[in-house]
Every structure is written in C-alpha cells, then in structure tokens.
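A short write-up of the structure that comes next.
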Amino acid sequence: MSKTARPSHSPNPDDDEKLKSFGITPQLVRRMGPFGNFGISFSVISVLSGCMTLYAFGLSTGGPAVIMWGWAGVGLMVLFVGMALAEVTSAYPTSGALYFMADRLGGTRWGWYTGWLNLLGLLGAIAGIDYGAALFTGAFMSLQWSFHPTPGSIMVIYVCILLLHALLNLFGVRLVNTLNSISVVWHVAGVAAIVGALVIVPSHHQSPSFVFGHFANGTGWSSPVYVAVIGLLLAQYTFSGYDASAHLSEETTEPDLNAARGIVHSIVWSWIAGFVLLAGLTFAIQDYAGTLASSTGVAPAQIFLDALGLTGAKILLLVVIGAQLFCGNAEVAAASRMVFAFSRDGALPGWKQWRRVSDRTGNPSRAVWLSVAAALVLALPSLYSVTAYTAVTAINVIGITPAYAIPIYLRLRAGHRFPVGRWNLGRWSRPVGWVAVVWVACISVVFCLPQASPVTVSNFNYAPVALVVMLLLARIWWGVARRSYNTPTYNNAPQMAEFEGDVV
C-alpha cells in the first residue's frame, strides 16, 4: 500500500505531480476510480431527470417526431462536444476544469468569464434538478395521500432535498463515489423497469409511425421548422453537466485518462438509455391531450397512470424520484468543487472561507454549503412566479453550454502548441473540435429564442436575460477582485511562458 494509504484506489504519485506542475498544491484526496468518475457525469446528465422533467415541453414543441429524432441528432452533436472537451480535460485535469483550461490556453480574462459562466450553470443545475425532484415528489404525494402541491409546499420539499444533498456531500468523496456507482445501476435498471412495464402491461400502444413521425405544435408559432428547432432543447437541456468528471479530476486516479473517458462514456450511455426511455414513454401514450393537461402537473406521471394504473404509476414515480436525487447529489459534488477551485484562485467573494478543506474528510465542506445556499436563493422566486422554474433552467443551460466551447475553441487556436494529453483525438482533433464549437454557437442562439407565441410574462424566455446579467456581474466583480484573482503558475515557467505568449 502506498504511503497515503487510501483504501479504495491507490493513486499513482504522478497524478499529484502533474497537479504540482500546474502550480497547484494537492489538497483533495484521490479516492475515485474510473467507474466512479464516469458515474458522476452519467448521474448528472440523468435521463430519468432531464427527459422526464421536460417531456411535456417536447410533446407541445414538435411532438414525438422531434422528441425522437431530435434526441438522436442532438446526442451525436453533444458527443462531438464531449470528445473535444475530453481531449482538453486530459491535458488539464483539475477541479477548476473549464475555467482553468481557458486560463491556460487563452489568458486570465478568458478564464475569468469561463469560470463565471460555468459556475452559474452549475448552481442553476442544482436548483433545476432538485426543484424538479421536488415537483415529482409532490406528484407522488398527490397520488399517495391526495396531497395538493402548492408553491410553498414544493419549496419545503425542495429545501429538504437540498439539505439531504449537502449532508451526503459532507461525508467526503468516498461516499459520493459509492453513491455514483449505485446511481449508474439505478438509472440503467430504472430505464429497463419503466420501459419494460410500459411495453408489457398496456393493451394499447401507439404505432411506430406516430412515435417517429407525428408532429405536434402547441407553441403558437406557425413555422414547423422553427418549432422543430425549439423542440431540440429537450435533448440539449438533458445533455448537460458532463463536465462533472473534469471537476472531480483532483479526486480521481489517473485523471488524464479516467476523467476524459468519464465524459465520453457518460454521453454515449446516456444517449442510448435516453432514446430507449423516450421511445418507451411515447409508445405508451394513451391520451395525448390528457397527458399534457395532467392534474399531477407531470406528464410522465399521467402516462404511468393511464398505462399502468395507480399502483404502477406510484412505483415508477419512485424510480424517477430516486434517479433525480442521485442526479442532484452528483451535481452538488461537481458545483462544490468548482466553488472550491474558483475560491482557491481568489475569484469569489469571501474566497478564503470557501477554499477550506476539512481535515477529517478531505472535502471542501464550506463550498458544499455555499453551493446549496446559492441554489436555494435561485429557486426562491418560484414562490411567487410560475415562470421562475423555467428561468432557473435557462440559467443552467445558458451558463454551462457556452462554457464548454470556450476551452475547445482556445485549444483549436493553440494548434500544435497545445500540450496533448494521454487521451486525445489525434488527427481528428481539429474537425471534431470545429463541429463542437459551431454546434454550441448555434444551440446557444436557439436557447435565447422565444419558445411560445404571443410572448407574455408567463412564457418569456429568460435565457438571454440571464446571460447578460451574468456577464455584467462578472465584469463588475472583475473590477473589484482582479487583484485577488490569481491562478497558479506553471513550475516549468520558462517553457510555459513561451507557450502562453504564442497562444495569446
């Protein structure tokens, strides 16, 4: 056993040496292996969370045809993004992840704005995932105990879920690693159970022509092309968060291989599982209009009710809620590592507090509490506005998606000067990278388009507002904190100074 005596996975001494070469002093413990690292991104993507929460959106924005073909097409494009990001992750496996990559490849300003985009997206993701879990929990309680969900009661459930995830993350990365491994099994078995029940039990199923060809438009827009483009967002909303593997790099053994593979493998398996899940749900629709107008407030719950009856619906809802809880827990882990890393470099207000690591668990416990507190604040407007949850979702995707493309673009700009890691695309690096950058640019525009007509306060798309506000706040804070913000310098300073000079 190594001198560090870590029982789960004995890290290679070279793992920390690489970190030291970046000028970073290792503080977190490496107890996560390749499966655990894959599991955290697979759990954050969580097809049982994203697909279920946004299924009603898909039914009214293009319908089954756009849901199924959109998932297939968007999944392919996201795989390009994931592979390109994995290549950069292999070169820079740190908890800072995207912003650290951007800082090294483009300079301080690139790193600063990438970091704020990434952080906003991660915190918005906690809020979106856990509030979605609260909504599904409310739907289950309405079936079980005739509970009537109100904004206040959903908020109480949401706070309880946030506290649960904070406490689980305080125990350290070993528990997080175990829960991620369980989560993978839960998701795969859950998809199999849901699809199996929806295939076997109902006496009526929709035809393949309906599932793969029926177009529905409940948006108010007259252009089917525009509606189909907007409908792609169900898949794109779900395919986010796979940078979690990168954020857990400093707690993963052989991160230059395992974190990169975790990103790619999580996308591939989510792509397959999500397609099967969406097909199973759509084949089992009994009443299209009734599904959209469900009294439970959750379209998949109505499909379960119509196809399986009350008992079956409650069982499958518990499966979905369990997956959402795993997903939220993994997202808190990823976001807290980002808070820790960004604070380590002096970027956040009160950074000296948030960078502290527990001596007992080797865990950034204060960063965990800050992450869940920020997620609570983001969701508080849901008490007063029915559109607030949509705004939280917008904050998540408009922050995190552009942040994926920035280090990829900077890697392309660096050309042969990029320090290729152990996991790389070889001669395919540039074509894959450019496809990824163009896709993110296009889908970011789609995120900002109005999704319903006529545009009102209740259906307004808050994504562009969230983006502008975030960039404005980042610019203002840059003026205050740029003296404290100081990313580490390479130990091999002469060579890297030459590299950074060439890139910039």
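The values are calculated or read from the model by the stated rules, or taken from the named source; none is laboratory data. These numbers were taken from a predicted model, which means no experiment stands behind them. A quick note on method: Cβ atoms are made from the backbone with ideal geometry, for glycine too, and the neighbour counts reach across all protein chains shown.
Inspect region 426-433 for any residue being part of a helix (DSSP H, G or I), under 20 Å from P402 (Cβ atoms), among the small types (G, A, S) and touching a Lys or Arg at 6+ places or on another chain (Cβ under 8 Å) and give the result as yes or no. There is at least one residue in region 426-433 that is part of a helix (DSSP H, G or I), under 20 Å from P402 (Cβ atoms), among the small types (G, A, S) and touching a Lys or Arg at 6+ places or on another chain (Cβ under 8 Å).
Residues of region 285-306 being outside any helix (DSSP H, G or I) and not small (G, A, S), which ones?
Here is the first cut: in region 285-306, the ones outside any helix (DSSP H, G or I) are 285-287, 293-298.
Within region 285-306, I285, Q286, D287, T296, V298 qualify.
Screening G128 on (1) modelled with pLDDT under 90; (2) in contact with a Lys or Arg (Cβ under 7 Å, 6 or more places away or on another chain) shows it passes everything except condition (2). Scanning region 456-504 for residues that are farther than 15 Å from D103 by Cβ and either under 28 Å from the mean Cα position of the chain (by Cα) or modelled with pLDDT of 80 or more (or both) yields a total of 23. Given the condition of a type in the set (A, V, I, L, M, F, W, C) and over 18 Å from the mean Cα position of the chain (by Cα), answer yes or no: does some residue in region 318-335 qualify? Yes, region 318-335 contains a residue that is of a type in the set (A, V, I, L, M, F, W, C) and over 18 Å from the mean Cα position of the chain (by Cα). Evaluating P450 against the criteria (1) within 21 Å of A235 (Cβ to Cβ); (2) over 21 Å from the mean Cα position of the chain (by Cα); (3) in contact (Cβ under 8 Å) with a residue 60 or more places away in the chain leaves one unmet condition, (3).
Please indicate, with yes or no, whether at least one residue in region 62-76 is within 18 Å of the chain's Cα centre (by Cα), over 15 Å from F239 (Cα atoms) and surrounded by 24 or more Cβ atoms within 10 Å (Cβ to Cβ).
no
Exactly one residue out of S458, S429, S444 is in contact with an Asp or Glu (Cβ under 8 Å, 6 or more places away or on another chain) and either buried (at least 17 other Cβ atoms within 10 Å of the Cβ) or touching a residue at least 12 places away in the same chain (Cβ under 8 Å) (or both): that is S429. Among the residues making up region 169-183, those that are surrounded by fewer than 20 Cβ atoms within 10 Å (Cβ to Cβ) and of a type in the set (A, V, I, L, M, F, W, C) are L170, F171, L175, I182. Figure legend. Inter-residue proximity from region 363-374: first residues surrounded by fewer than 24 Cβ atoms within 10 Å (Cβ to Cβ), second residues in a helix (DSSP H, G or I) and hydroxyl-bearing (S, T, Y), beta-carbon distance below 8 Å, spacing 6+ or different chains. Indicated pairs: L370/S336.
Taking region 350-378 as the region of interest, how many residues are assigned to a helix (DSSP H, G or I) and at positive phi?
At the first step, the residues of region 350-378 found to be assigned to a helix (DSSP H, G or I) are 351-354, 365-378.
Imposing the further condition that a residue be at positive phi reduces the set to none.
Of the residues in region 350-378, 0 are assigned to a helix (DSSP H, G or I) and at positive phi.
Kindly indicate whether any position in region 34-45 is farther than 21 Å from I126 by Cβ, at pLDDT below 85 and either of a type outside the set (D, E, K, R) or part of a helix (DSSP H, G or I) (or both).
No, every residue in region 34-45 fails to be farther than 21 Å from I126 by Cβ, at pLDDT below 85 and either of a type outside the set (D, E, K, R) or part of a helix (DSSP H, G or I) (or both).
Among the residues making up region 46-66, a single one is under 25 Å from L325 (Cβ atoms), at pLDDT 90 or above and among the β-branched types (V, I, T): V47. Scanning region 239-253 for residues that are modelled with pLDDT under 90 and either within 8 Å of the chain's Cα centre (by Cα) or charged (D, E, K, R) (or both) turns up S240, G241, D243, A244, E250, E251. Criterion applied to G309, G328 was being free of Cβ contacts under 8 Å to residues at least 12 places away in the same chain and in a helix (DSSP H, G or I), and the one residue passing it is G309. Within the set L348, L248, L257, the sole residue that is surrounded by fewer than 24 Cβ atoms within 10 Å (Cβ to Cβ) and closer than 30 Å to R109 by Cα turns out to be L257.
Just wondering, is there one or more residues in region 381-389 that are within 18 Å of the chain's Cα centre (by Cα) and either surrounded by fewer than 24 Cβ atoms within 10 Å (Cβ to Cβ) or more than 25 Å from S90 (Cβ to Cβ) (or both)?
Within region 381-389, the subset within 18 Å of the chain's Cα centre (by Cα) is 389.
Right, trim to either surrounded by fewer than 24 Cβ atoms within 10 Å (Cβ to Cβ) or more than 25 Å from S90 (Cβ to Cβ) (or both) and you get 389.
Within region 381-389, one or more residues are within 18 Å of the chain's Cα centre (by Cα) and either surrounded by fewer than 24 Cβ atoms within 10 Å (Cβ to Cβ) or more than 25 Å from S90 (Cβ to Cβ) (or both).
Give R422, R411 a once-over and let me know the one that is in contact with a helix residue (DSSP H, G or I) (Cβ under 6 Å, 6 or more places away or on another chain), surrounded by 14 or more Cβ atoms within 10 Å (Cβ to Cβ) and modelled with pLDDT of 85 or more. Step by step, each of R422, R411 is checked, and only R411 is in contact with a helix residue (DSSP H, G or I) (Cβ under 6 Å, 6 or more places away or on another chain), surrounded by 14 or more Cβ atoms within 10 Å (Cβ to Cβ) and modelled with pLDDT of 85 or more. Is it fair to say Y288 is out of contact with any His (no Cβ under 8 Å at 6 or more places or on another chain) and closer than 26 Å to G241 by Cβ? The answer is no for Y288.
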